[in-house]
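This report concerns only the one structure given below.
The values are calculated or read from the model by the stated rules, or taken from the named source; none is laboratory data. It should be emphasised that the depicted structure is a prediction, and the values quoted were computed from it without experimental measurement. So basically every Cβ, Gly included, is an ideal-geometry build from the backbone, and we count neighbours across all protein chains shown. The accessibility values were calculated without ligands, DNA or RNA, using every heavy atom of the protein model including side chains. Shrake-Rupley method; radii C 1.70, N 1.55, O 1.52, S 1.80 Å.
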Amino acid sequence: MAFGIQIVGGGLAGSEAAWQLAEAGVKVRLSEMRGGGDMTPAHETDRLAEMVCSNSFRSDDAENNAVGLLHQEMRALGSLIMRAADKHKVPAGSALAVDREAFAAEVTAAIGGHPNITVVRERIDVLPDHPTIIATGPLTGSALAEAIAKETGSDALAFFDAIAPIVHRDSIDMSVCWMAARWDKGGKDYINCPMTKEQYDAFVAALNAGEKTEFKEWEKDTPYFEGCMPIEVMAARGVETLRYGPMKGVGLDDPKTGRWPYACVQLRQDNALGTLWNMVGFQTKLKHGEQVRIFRTIPGLENAEFARLGGIHRNSFIRSPELLDGQLRLKSKPNIRFAGQITGCEGYVESAAVGILAARFAAAEREGHTLPPPPVETALGALLNHITGGADAETYQPMNVNFGLMPPLTGPKTKKADRKKLYTERARVALGEWLTSAELEPA
């Protein structure tokens with residue numbers, strides 16, 4: 001099949017971009033190296049849109065949360081990623097979490113079955129000269145990364161991303177743990193492992209003393225992304241750090257004591273069957289043997305069996321505010337657009353959202369007109385603005401969508417508790433006006 005636009009990378013951003021273009025009537029060649037003899041350090045399968053870290057799309061609250069608002073906006077634009085997530089969601093309180101295997105299978109089948117998409121299992125090592133969207137994510141192959149660096153005249157920035165372990169549900173001692181969500185919000189969707197002060201202090205000491213993965217010389221100065229910080233790195237910042245982070249006990253009433261535990265480890269359901277549970281916030285670079293030894297000191301996990309242990313991989317991203325224009329085109333080679341985590345957005349949802357925008361911009365350009373960007377008052381527009389110029393290029397770091405990326409509210413001063421809803425109300429109005437002015441039909 002002859003194609004109009006090539007997409008390089010079959011992750012969430014690439015899959016979303018392919019779907020958006022195909023639905024717009026554009027013939028797409030989707031190039032994915034997994035399944036063609038190559039693999040990344042973090043992926044386990046050749047499925048499209050495989051989730052390699054958490055199985056959570058984070059909050060689905062479109063009234064009070066920026067990422068929940070982004071979910072809503074993506075649904076309005078016919079997002080394949082959101083459709084698959086909604087179809088294969090698992091209990092997670094007010095968050096949207098998915099059965100990762102069923103989710104990836106759904107996306108793979110949808111992309112493979114679309115008449116306008118040809119999936120080719122191939123590695124791309126050079127920047128093409130025809131219209132292309134690069135969505136290779138944070139694990140871009142070395143040859144293509146070098147080609148990007150050569151074209152842009154600067155090295156790609158990089159950071160580390162760590163993967164949390166997954167535990168078999170039937171190996172968790174529920175006589176010690178209990179089911180609840182923090183502040184009872186959204187249902188009893190998390191397994192909670194309580195810790196006393198003595199247990200917590202011993203655990204932090206073990207994390208600090210545990211044997212970690214050694215970095216290569218060229219990796220040693222690479223910063224971590226704050227939103228995916230390895231647990232032992234947090235522990236090294238101070239003995240109380242974890243108690244105010246992923247191991248906080250506030251809002252969790254232990255039914256045995258009627259009180260909040262001194263510290264608490266939470267596990268979130270990872271598949272529809274409820275047989276696999278993800279250790280929330282437990283991204284780690286501990287060696288595998290150390291993970292088993294240390295994590296089995298957690299009350300309730302003494303006999304834990306791990307379906308997957310934690311790991312660490314290097315993520316790369318470009319200095320987008322300097323290199324990309326407002327339509328996500330590479331300024332020095334405008335036939336190339338970038339989408340997903342390689343642009344420096346952070347998170348599954350954000351990556352797919354940028355895939356939507358790159359595809360919509362490319363489809364409009366192909367038709368001979370320019371699609372105006374979504375307003376900065378929307379979650380989509382705020383994220384795009386941050387990537388393409390709103391952030392300082394010199395200090396550019398990966399960023400999740402948040403209300404701080406949007407223009408401040410105007411008008412009378414309001415209570416802090418009311419501001420988030422005002423942001424989302426303003427965003428919905430702005431999105432509706434954009435859809436109408438750009439002649440885009442809501443899904």
| field | Residues satisfying the stated conditions in region 404-443, i.e. within 25 Å of Ala359 (Cα to Cα), in a loop (DSSP other than H, G, I, E, B) and not hydrophobic (A, V, I, L, M, F, W, C) | value | Glu439, Glu441, Pro442
| task | Could you tell me which numbered condition Val167 fails, if it satisfies all but one of (1) open to solvent by 10 Å² or more (accessible area, probe 1.4 Å); (2) over 19 Å from Pro321 (Cβ atoms); (3) under 25 Å from the mean Cα position of the chain (by Cα)? | result | (1)
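Assess whether Asn315 counts as being open to solvent by less than 10 Å² (accessible area, probe 1.4 Å), in contact with a helix residue (DSSP H, G or I) (Cβ under 7 Å, 6 or more places away or on another chain) and in a strand (DSSP E or B).
yes
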| What tally of residues in region 234-255 results from selecting those that are without any contact (Cβ under 8 Å) to a residue 60 or more places away in the chain and either surrounded by fewer than 17 Cβ atoms within 10 Å (Cβ to Cβ) or charged (D, E, K, R) (or both)? | 9
| query | Going through region 257-285 one residue at a time, which ones are in contact (Cβ under 8 Å) with a residue 60 or more places away in the chain, among the aromatic types (Phe, Trp, Tyr) and farther than 10 Å from Ala164 by Cβ? | reply | Tyr262, Trp277
| message | Among (1) at pLDDT below 90; (2) more than 20 Å from Gly137 (Cα to Cα), there is one condition Ala391 misses while meeting the rest; what is its number? | response | (2)
| field | Residues of region 76-126 satisfying the condition of being open to solvent by less than 40 Å² (accessible area, probe 1.4 Å), part of a helix (DSSP H, G or I) and touching a Phe, Trp or Tyr at 6+ places or on another chain (Cβ under 9 Å) | value | Leu80, Ile81, Met82, Ala84, Ala85, Val107, Ala110, Ile111
| remark: When region 48-75 is checked residue by residue, the ones that are open to solvent by 20 Å² or more (accessible area, probe 1.4 Å) and outside any loop (DSSP other than H, G, I, E, B) are Arg58, Ser59, Gln72, Arg75
| field | Close pairs (6 angstrom Cβ cut-off, 6 or more residues apart or separate chains): under 15 Å from Ala352 (Cα atoms) in region 49-64, hydrophobic (A, V, I, L, M, F, W, C) and open to solvent by 20 Å² or more (accessible area, probe 1.4 Å) anywhere | value | Ser56/Ala95; Arg58/Ala95
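A quick yes/no check of all residues on (1) without any contact (Cβ under 8 Å) to a residue 60 or more places away in the chain; (2) out of contact with any helix residue (DSSP H, G or I) (no Cβ under 9 Å at 6 or more places or on another chain); (3) open to solvent by 10 Å² or more (accessible area, probe 1.4 Å); (4) among the hydroxyl-bearing types (Ser, Thr, Tyr):
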position: Ala304; (1), (2), (3), (4): no, no, no, no
position: Ala307; (1), (2), (3), (4): no, yes, yes, no
position: Ile336; (1), (2), (3), (4): no, no, no, no
position: Gly340; (1), (2), (3), (4): no, no, no, no
position: Gly355; (1), (2), (3), (4): no, no, no, no
position: Ala358; (1), (2), (3), (4): no, no, no, no
position: Phe361; (1), (2), (3), (4): yes, yes, no, no
| query | Can you name the residue in region 27-46 that is at pLDDT 95 or above and open to solvent by 10 Å² or more (accessible area, probe 1.4 Å) and, of all such residues, is farthest from Phe361 (Cα to Cα)? | reply | Glu32
| task | Go through the residues of region 155-177 one by one and say whether even a single one is touching an Asp or Glu at 6+ places or on another chain (Cβ under 9 Å), without any contact (Cβ under 8 Å) to a residue 24 or more places away in the chain and charged (D, E, K, R). | result | no
